[in-house]
Amino acid sequence: MRLFDAHCHLDFMSNMDEVARDAAADGLHVLATTVTPQGYLRARDALAGLPNVSVAVGAHPWWVADGRLSPADVRAAADLAGTARYVGEVGMDFSPRHVPERSRDAQRAALRLVCEAAAAGSDPAHPTVMSIHSVRSAGEVLGILSQTGCLERCRCVFHWFSGSSDELHAAVVAGCWFSVNPMMPRTRRGREYARQVPLRRLLTETDLPPGEDVPFSAAQIEDALRECLAGIARARSCDAGELAQAVCDNAVRLLS
C-alpha cells in the first residue's frame, strides 16, 4: 500500500472496475463508500476479489432526507450492516443547504438503526469500520454512536469533520478516527483540525468523484491524495512522504 483513500465513491464512476484495477496496480487502497444498499450490492459484487478495495454499505443522510431511501431501504441497509465488515457512508446532515429540517427525525432513526446493527454484528477480532457523515450534527452523531455501542465495538471514522472544536475534542477522546480530504487544508478551520487530530488516527480521503455515473481514473484519485498529504503536511509542519507512510500504517491498523 502506497496511498490510502478512506472515503471514495467508486460506485459513482461509470468505469469503477477499471479504476479499481488501475488503483491496485499502483498500490492505492480504497475504502469504497456507498449511499444506498443497492449501490453497495452492485459494488460489492463487481469489485469482489480485488484486495485493494474494501466496499462499505451505506445509507447516506441526503438520500434518507429526500426520500430516495425508503424505510424499507434503510432496514435493508441495517440488515447488511449487521454482517458487513465496512459501513458507510452513514450519518446525519442538519445543514439547510442540503436537507429540510423536517427530515431530522428520519435521519436520526436511520442512523440509529444502522448503528445498532453494526455494533451487534461487529466481531471483536475484526471490528466493523464505519465512515461517518456529520454536518452540523457531530454532537448528536457522537451520542448515537455511544448509545448504540459503536464507539466501543466499531472503528468509527469521521469523514470530512466540520463540527466545533469542542465536538472534535469529544470525538478524539472517544477514540474516533478522522479522514481528511484536499478541501480541508484550504480553510483555516480545516488546517487547524488536520493539525490537531492525533497522528495515529489520521487518514486521507478524496470523496471523489464530483458526480454520479461519470468516468474517472485512479490517477485522479492519486493526485487528490497527494494534494491532501501536502496540505496536511504543511499544517502539521512535517514531511509529506513520512506522513504518507504514517497514513498507510494507520490504514493497515484500521482495516486489520
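Between segment 96-149 and segment 28-44, what is the separation of their alpha carbon centroids in Å? Measuring centre to centre over Cα atoms gives 18 Å. With each label modelled as a point 7 angstrom along the Cα→C-beta vector, the residue 195-residue 83 pair spans 4.8 nm.
With point charges of +1 on the Cβ of Lys and Arg and -1 on the Cβ of Asp and Glu, referenced to the Cα centre of segment 190-256, which listed residue (237, 252, 206) lies farthest in the positive direction of the dipole? Going by the charge dipole, the pick is 237. Helix check for the chain. Which DSSP H runs span at least 24 Å along their own axis by Cα, with a mean Kyte-Doolittle hydropathy no less than 0.0? Going by DSSP H runs, the hits are 104-121, 218-236.
Under the simplified labelling scheme, the residue 97-residue 187 pair shows an inter-label distance of 0.7 nm, with each label point 7 Å from Cα along Cα→Cβ. Here the Karplus curve 6.51 cos²θ - 1.76 cosθ + 1.60, taken at θ = phi - 60°, turns the phi angles of segment 89-97 into couplings of 9, 10, x, 9, 9, 9, 7, x, 5 Hz, with x standing for Gly and Pro. Simple point charges give the picture: +1 on the Cβ of Lys and Arg, -1 on the Cβ of Asp and Glu, and for segment 88-224 a dipole about the Cα centre of about 480 debye.
Please get the size of the charge dipole for the chain, origin at its Cα centre, with Cβ charges of +1 on Lys and Arg and -1 on Asp and Glu, quoted in debye to the nearest 20. It would help to have the intermediate numbers written out before the result.
Values: 26 positive and 31 negative charges, 145 e Å.
The calculated dipole for the chain is roughly 700 debye.
Within the set [x] 16.7, 48; [y] 19.0, 61; [z] 16.9, 53, the number that Rg and Dmax of the Cα atoms in Å takes when calculated for this structure is listed as [x]. With the helix formula -39500 (n - 2.57) applied to DSSP H stretches of n ≥ 4, the chain reaches a computed 222 nm mean residue ellipticity of -14500 deg cm²/dmol.
By DSSP, the beta bridges lying fully in the chain are antiparallel in about 5 percent of cases. Counting only protein heavy atoms and using a 1.4 Å probe, what share of the accessible area of segment 79-232 belongs to carbon plus sulfur, as a whole percent? Whole-percent figure for carbon plus sulfur exposure: 50. Comparing 102, 236, 195 in a Gaussian network model of the chain where C-alpha atoms under 10 Å apart are linked, the largest mean-square fluctuation is found at 102.
Rounded to the nearest 20, the Cβ-based charge dipole of segment 20-126 about its Cα centre (Lys and Arg +1, Asp and Glu -1) stands at 160 debye.
Keeping every protein chain present and rolling a 1.4 Å probe, give me the accessible area per residue for the chain in Å².
Values: 10930 Å² over 256 residues.
With the other protein chains kept in place, the chain gives 43 Å² per residue.
Count Lys and Arg as plus one, Asp and Glu as minus one, and take only other residues whose Cβ is under 14 Å from that of residue 39; the net charge is then -3.
Residues considered: 148, 204, 128. Largest GNM mean-square fluctuation over the chain, using C-alpha springs under 10 Å, is found at 148. For the charge dipole of the chain, defined by +1 on Lys and Arg C-beta atoms and -1 on Asp and Glu C-beta atoms about the Cα centroid, which residue among 50, 23, 194 has the Cα displaced farthest towards the positive pole? Going by the Cα projections, it comes out as 194.
The values are calculated or read from the model by the stated rules, or taken from the named source; none is laboratory data. Predicted model only: the values in this text are computed from it and were never measured. Cβ sites come from the backbone with ideal geometry, for glycine too, and all protein chains shown count toward neighbours. With ligands, DNA and RNA removed, areas are computed over all heavy atoms of the protein, side chains included. Shrake-Rupley method; radii C 1.70, N 1.55, O 1.52, S 1.80 Å.
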